[in-house]
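The values are calculated or read from the model by the stated rules, or taken from the named source; none is laboratory data. Fair warning: this is a prediction, and the values are worked out from it, not measured in the lab. For neighbour counting, all protein chains shown are included, and Cβ atoms are generated from backbone atoms with ideal geometry for every residue, glycine included. Surface accessibility is based on the protein's heavy atoms, side chains included, excluding ligands, DNA and RNA. Shrake-Rupley method; radii C 1.70, N 1.55, O 1.52, S 1.80 Å.
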Amino acid sequence: MTSAADLSPSYDLVVIGGGPAGLAAASLAARVGLSTVLFDENPGVGGQIYRGITSTPIKNGTVLGEEYWAGGALASEAKVSGAAIVTGATVWTLDPSLAVGVSIAGKARLIQARRVIIATGALERPFPIPGWTLPGVMTAGAAQTTLKAQGLVPDGRTVLAGCGPLLWLLAAQLLRAGVKIEAMLDTASRRNWLRALPHLPDFLLSPYWRKGLALLREVKAKVPVIAVDRLSAAGDGKLKEVVYGTGGTEHRLAADLLLLHHGVVPNVNLANATGAAHRWNERQLCFEPVLDDDFTSSVPGIAVAGDGAGIAGGTAAAERGRIAAIAAVRALKPEASVPDPQVVRQKLAREEMGRAFLDILYRPADSFRRPEGDTVVCRCEEVTARQVRAMADTGCEGPNQMKAFLRSGMGPCQGRLCGLTVTELIAEQRGLSPAEVGYYRLRPPVKPITLAELASLPIGEAERKAVER
Ligand SMILES: Cc1cc2nc3c(=O)[nH]c(=O)nc-3n(C[C@H](O)[C@H](O)[C@H](O)COP(=O)(O)OP(=O)(O)OC[C@H]3O[C@@H](n4cnc5c(N)ncnc54)[C@H](O)[C@@H]3O)c2cc1C
């Protein structure tokens with residue numbers, strides 16, 4: 001296990017995130033001789049899609065599906081590439097001078113980089129329905145994480161609700177693991193099909209449609225799938241039932257566990273806190289960094305690769321990591337021989353082909369993104385939709401002012417669970433677009449760190465003299 005003291009003070013390339021994008025980038029750069037370190041906050045590499053790939057207790061290869069096990073090759077490649085792979089390492093700051101603040105086992109270090117690739121992936125989109133903070137309600141991604149990393153499966157009456165490829169994948173994985181699913185409450189509007197139709201030809205040429213069709217068939221064979229247009233979780237102190245609406249009728253379903261999911265969005269916190277420019281992506285309903293063809297951001301020396309650059313999936317993430325790494329190698333070691341970027345770009349284009357169809361087909365409805373009334377929006381500070389809407393009506397212009405007025409986004413998650421909702425509620429109240437309203441301006445530390453960690457930062461000779469004066 002690498003400790004903070006084992007780290008070199010500087011590296012050619014620092015890669016943040018050990019998912020497919022980070023692993024592919026670190027391997028490529030280290031193999032051609034760049035001094036490379038990869039940091040990932042988890043106990044092992046793999047990111048979201050290949051979580052626990054080097055340590056999962058799941059032995060039955062069919063449960064998680066063949067795509068999961070493909071992550072093993074990426075992890076082994078990185079292990080022998082010459083890159084320093086450091087897990088249990090949380091990056092809490094990155095500044096435009098490419099100084100990286102990282103903590104490992106309670107000890108912090110500031111590392112100097114010549115190039116940085118942010119590969120921090122995606123997060124699940126906030127899904128603020130009434131009762132989503134009740135014990136017994138969690139995200140589908142959290143359930144999948146415990147399945148992949150600990151081999152744990154839900155027991156009791158389990159209901160899945162929402163939309164998006166991940167929800168269907170998890171349903172199939174749980175069924176293969178022997179879990180009984182009471183129902184799948186599908187929140188994707190039927191009208192999305194019509195809007196997605198123009199993108200169907202590309203989707204049929206992409207690797208997604210066969211996998212997708214097989215998943216839908218597998219789940220529908222065993223689970224009642226119900227189209228719903230309203231959804232809430234009810235219970236006194238913990239989940240007792242799921243309340244859903246179909247047209248004008250309300251239904252109640254007894255449940256012990258409700259797994260929510262309606263898509264993933266780029267994890268923008270670190271790139272945002274470096275000051276990198278971001279823009280609103282209307283098709284994916286999220287903010288994403290503004291990047292050039294090599295995934296370089298508006299901050300020189302910092303690239304963003306993988307799903308952190310916009311949602312395109314695990315295989316595309318690895319290709320994006322390679323493109324960003326090739327650009328770093330070309331800048332730092334132009335004589336080195338690297339794979340032909342054109343070939344990598346062609347692979348990436350093929351992987352991205354089906355995305356538009358999926359984005360539109362699984363576009364979450366406005367009502368599920370813009371709650372009303374006492375539904376909690378900011379879980380950290382318990383700020384409700386009513387409060388945010390009322391403050392917007394009194395002229396609060398944007399999320400950063402909302403932070404000052406209501407403390408929304410000021411808790412331990414730093415807006416990861418409320419940022420998009422707050423932006424969309426302000427936009428709706430003020431009749432503006434989310435692009436006009438903007439997003440939180442984030443600052444380091446982007447992950448909570450203790451004072452003891454800060455105090456563990458070694459101080460240089462100059463600072464020591466300054467302190468002693
Ligand atoms: C919960 C969840 C589950 C998913 N499951 C699947 C799946 O089963 N199949 C599928 O096809 N797609 C899945 N996805 C979609 C997923 O985004 C992509 O498939 C793929 O994992 C993206 O790869 P990436 O390398 O961009 O990022 P990721 O795989 O997300 O890897 C990013 C890594 O960076 C780490 N990290 C983030 N911030 C820091 C920091 N400050 N310091 C250190 N480390 C940090 C994260 O913990 C993570 O390990 C999932 C997404 C989510 C959010």
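Numbers at a glance
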{"item": "Helix-only [θ]222 nm of the chain, DSSP H runs n ≥ 4, -39500 (n - 2.57) each, per residue, nearest 500", "result": "-10000 deg cm²/dmol"}
{"item": "Surface share of carbon and sulfur [accessible, 1.4 angstrom probe, percent] for region 231-359", "result": "49"}
{"item": "Per residue accessible area in Å² of region 54-147, where ligands, DNA and RNA are left out and the probe is 1.4 Å", "result": "39"}
{"item": "Nitroxide proxy distance, nm - points 7 Å out along Cα→Cβ at Thr2 and Trp69", "result": "2.9"}
{"item": "Lys240 accessible area, 1.4 Å probe, all protein chains in place, Å² to nearest 10", "result": "100"}
{"item": "Modelled FRET efficiency - R0 22 Å, Thr133 with Glu372, Cβ distances, 0.05 increments", "result": "0.90"}
{"item": "Amide H contacts of Gly131 (H built 1.01 Å from N, under 5 Å, at least 5 apart or other chain)", "result": "Ala233, Val376"}
{"item": "For His199, solvent-accessible area (1.4 Å; no DNA, RNA or ligand), Å²", "result": "60"}
{"item": "Among the listed pairs Lys59/Lys211; Lys59/Lys79; Lys148/Lys220; Lys79/Lys211, those beyond 26 Å (Cα-Cα)", "result": "Lys79/Lys211"}
{"item": "Interchain or long-range residues, amide H under 5 Å from Arg125's placed H", "result": "His262, Gly263, Val264, Val265"}
{"item": "Nearest 10 degrees, 0 to 90: helix 165-176 Cα axis against the chain principal axis", "result": "80"}
{"item": "Area accessible to solvent at Val225, 1.4 Å probe radius, in Å²", "result": "50"}
{"item": "Simple Cβ-charge dipole of the chain, Lys/Arg +1 and Asp/Glu -1, about Cα centre, in debye nearest 20", "result": "460"}
{"item": "Partners for Lys240 among aspartates and glutamates (Cα-Cα distance below 18 Å; same-chain residues under 8 apart left out)", "result": "Asp155, Glu182, Glu250, Asp256"}
{"item": "Extended-chain gain in nm, criterion 0.36 nm per residue less alpha-carbon gap, Ser10 and Val343", "result": "116.7 nm"}
{"item": "Modelled FRET efficiency - R0 22 Å, Ala99 with Arg407, Cβ distances, 0.05 increments", "result": "0.15"}
{"item": "Vicinal HN-Hα couplings computed from phi for region 274-286 (Karplus, 6.51 cos²θ - 1.76 cosθ + 1.60; Hz; Gly/Pro x)", "result": "7, x, 5, 5, 10, 9, 7, 9, 5, 5, 9, 6, 7"}
{"item": "Theoretical FRET efficiency, 1/(1+(r/R0)^6), r = Cβ-Cβ of Thr62 and His251, R0 51 Å, to 0.05", "result": "0.95"}
